[in-house]
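Inspection log for the structure reproduced underneath, given as structure tokens.
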Amino acid sequence: MTDISRRLFLAGSAATGLSACAAMSSQAGRSDGGGSEGGAIVNPLVRNRADAQIFRHSDGLYYMTGSVPEYDRLVLRRAPTLAGLATAEERVLWRHQANGPMSGFLWAPELHLVDGRWVMYFAAGPSGGGEDVFRIRTYAVTTGSADAMAGNWEVLGQLETPWDSFNLDSTIFTHRGTRYMAWAQREPGIDTNSNLYLAPMASPLTFAATPARLTVPTLPWEIRGFKVAEAPAILARNGRLFMTYSASATDARYCLGMLTARDDADIMDPASWSKSPEPVFRSSARNRVYGPGHNSFTVDEQGRDVLVYHGRDYEQIEGDPLFDPNRHTRVQYFRYRPDGTPDFGEPVANGPLRPL
């Protein structure tokens, strides 16, 4: 295994990646709009937006960001309803720089309000072709405006992690009064592409304690194509914390796993977390949704829990999966089992979303 990321493109792809991606997007007839019929949610909700984060803010509005196929900019949209995100105006908050460590691919943005200030975390690498474009690290941009859609955004800095190695997919959450960050990183000496880590925060870009390694991908469904645990997302329900994550290659083999801890446990102790032995969400040939992953959680206008994720409408991909622009943002409701654990079911087919 080499030191470059699991997202190693085919030979020669890196030098032409952005232009190739843009060309494919055009050829595919890309439309950023998604589904909304008479106020109803229609899947896919927003086309050509991967790694989607959707949340309902305290202002009652829904905010959405995600990776664009060109990997060259950070975007944000908002709407008064979940369905309204499909046609909401999208603003470009920040574009990759002309040179330097943030001049290449921009991946997996997440927007958070940290101590009253909007902060958007994202992963970035340098441009120029070759292996160096996969020198992916986590950065943040911020704005002094209370209105995330109206403010001017500037670089806040780089996340300080224990190792200068591939890392991405940072998310933050507050548990029992402490703010934590969960993220994916390649740890030197471990033969994987990325593992999951957790640490309390001292500032938006620094940790207050030594990070804990929560899980390493070892199960057969976690190591198909690549040995991956990435894109953590937190759901706090029924006296427990559920941390979903994405595993394996980003084609139809991509799927969701889940870690579970008691609400009153020491969540910095890896032993407090148990791993689901099988994927909790995977491709559905019956409903023609492939590679579901990189999820987040939100609620609808009635407060019902909603799973947000991306997926493709077809299984076969020409070339590298990350040059295929058609990972669409999708949403669906889910249930809880009698023991209180979430049951995500299978990806629902395209069309109007029906509540459970």
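The values are calculated or read from the model by the stated rules, or taken from the named source; none is laboratory data. None of the values given here were measured: they were computed from a predicted structure. Neighbour counts are summed over all protein chains in view; Cβ atoms, including those assigned to glycine, are modelled from backbone coordinates with ideal geometry.
Looking at the stretch 68-81 only, could you name the residues that are outside any loop (DSSP other than H, G, I, E, B) and within 16 Å of Phe55 (Cα to Cα)?
Restricting attention to the stretch 68-81, the residues satisfying the condition of being outside any loop (DSSP other than H, G, I, E, B) are 73-79.
Matches in the stretch 68-81: Val75, Leu76, Arg77, Arg78, Ala79.
For the stretch 258-295, which residues satisfy the criterion of being out of contact with any helix residue (DSSP H, G or I) (no Cβ under 7 Å at 6 or more places or on another chain), part of a loop (DSSP other than H, G, I, E, B) and either of a type outside the set (D, E, K, R) or modelled with pLDDT under 95 (or both)?
Once the filter is applied, which keeps residues that are out of contact with any helix residue (DSSP H, G or I) (no Cβ under 7 Å at 6 or more places or on another chain), part of a loop (DSSP other than H, G, I, E, B) and either of a type outside the set (D, E, K, R) or modelled with pLDDT under 95 (or both), the stretch 258-295 yields Ile267, Met268, Trp273, Ser276, Pro277, Val280, Ser283, Ala285, Asn287.
From the list Thr210, Thr178, Thr215, Thr192, pick out the single residue that is within 20 Å of Met243 (Cβ to Cβ) and under 18 Å from the mean Cα position of the chain (by Cα).
It is Thr215.
Each row is one residue, and each column tells you yes or no for (1) of a type in the set (Val, Ile, Thr); (2) surrounded by 13 or more Cβ atoms within 10 Å (Cβ to Cβ); (3) part of a loop (DSSP other than H, G, I, E, B).
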{"residue": "Phe297", "(1), (2), (3)": "no, yes, no"}
{"residue": "Glu315", "(1), (2), (3)": "no, yes, yes"}
{"residue": "Glu318", "(1), (2), (3)": "no, no, yes"}
{"residue": "Gly340", "(1), (2), (3)": "no, no, yes"}
{"residue": "Gly345", "(1), (2), (3)": "no, yes, yes"}
{"residue": "Leu356", "(1), (2), (3)": "no, no, yes"}
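Against the definition (more than 21 Å from Ile54 (Cβ to Cβ) and at pLDDT below 95), how does Asp164 come out, yes or no? Break it down into steps so the answer makes sense when it comes.
Details: more than 21 Å from Ile54 (Cβ to Cβ): yes; at pLDDT below 95: no.
Criteria not met by Asp164.
Tell me which residues, restricted to the stretch 162-194, are polar (S, T, N, Q), surrounded by fewer than 23 Cβ atoms within 10 Å (Cβ to Cβ) and farther than 21 Å from Glu131 by Cα.
Going through the stretch 162-194, the residues polar (S, T, N, Q) turn out to be 165, 167, 170-171, 174, 178, 185, 192-194.
Narrowing further to those that are surrounded by fewer than 23 Cβ atoms within 10 Å (Cβ to Cβ): 165, 171, 174, 178, 192.
Residues satisfying the conditions are Thr171, Thr174, Thr178.
Can you tell me how many residues in the stretch 279-298 are closer than 25 Å to Ala249 by Cβ, in contact (Cβ under 8 Å) with a residue 60 or more places away in the chain and under 22 Å from the mean Cα position of the chain (by Cα)?
Of the stretch 279-298, the ones closer than 25 Å to Ala249 by Cβ are 279-297.
From what is left, the residues that are in contact (Cβ under 8 Å) with a residue 60 or more places away in the chain are 280-284, 286-289, 293-297.
When the remaining residues are screened for being under 22 Å from the mean Cα position of the chain (by Cα), the result is 280-284, 288-289, 293-297.
Within the stretch 279-298, residues that are closer than 25 Å to Ala249 by Cβ, in contact (Cβ under 8 Å) with a residue 60 or more places away in the chain and under 22 Å from the mean Cα position of the chain (by Cα) number 12.
Return the residues of the stretch 78-114 that are free of Cβ contacts under 8 Å to residues at least 24 places away in the same chain and of a type in the set (D, E, K, R); say none if nothing qualifies.
Applying the first criterion (free of Cβ contacts under 8 Å to residues at least 24 places away in the same chain) to the stretch 78-114 yields 79-80, 89, 92, 95, 97-98.
Result: Glu89, Arg95.
Among all residue pairs at least 6 apart or on different chains, which show Cβ distances below 9 Å where the first residue, located in the stretch 261-278, is over 16 Å from Arg213 (Cβ atoms) and the second is among the charged types (D, E, K, R) and surrounded by 13 or more Cβ atoms within 10 Å (Cβ to Cβ)?
Short answer, once both residue conditions are applied: Arg262/Arg240; Asp263/Arg240; Ala265/Arg240.
Look at Ala199 and say whether it is within 19 Å of Asn295 (Cα to Cα) and either buried (at least 19 other Cβ atoms within 10 Å of the Cβ) or basic (Lys, Arg) (or both).
On the way: within 19 Å of Asn295 (Cα to Cα): no; either buried (at least 19 other Cβ atoms within 10 Å of the Cβ) or basic (Lys, Arg) (or both): yes.
No.
Show me the strands (runs of 3 or more DSSP E) entirely contained within the stretch 117-236 in which 2 or more residues are more than 20 Å from Val68 (Cβ to Cβ) and free of Cβ contacts under 8 Å to residues at least 40 places away in the same chain.
Numbers: elements: 117-124, 137-143, 153-158, 167-175, 178-185, 195-203, 212-215.
Filter on the stretch 117-236 gives 178-185, 195-203.
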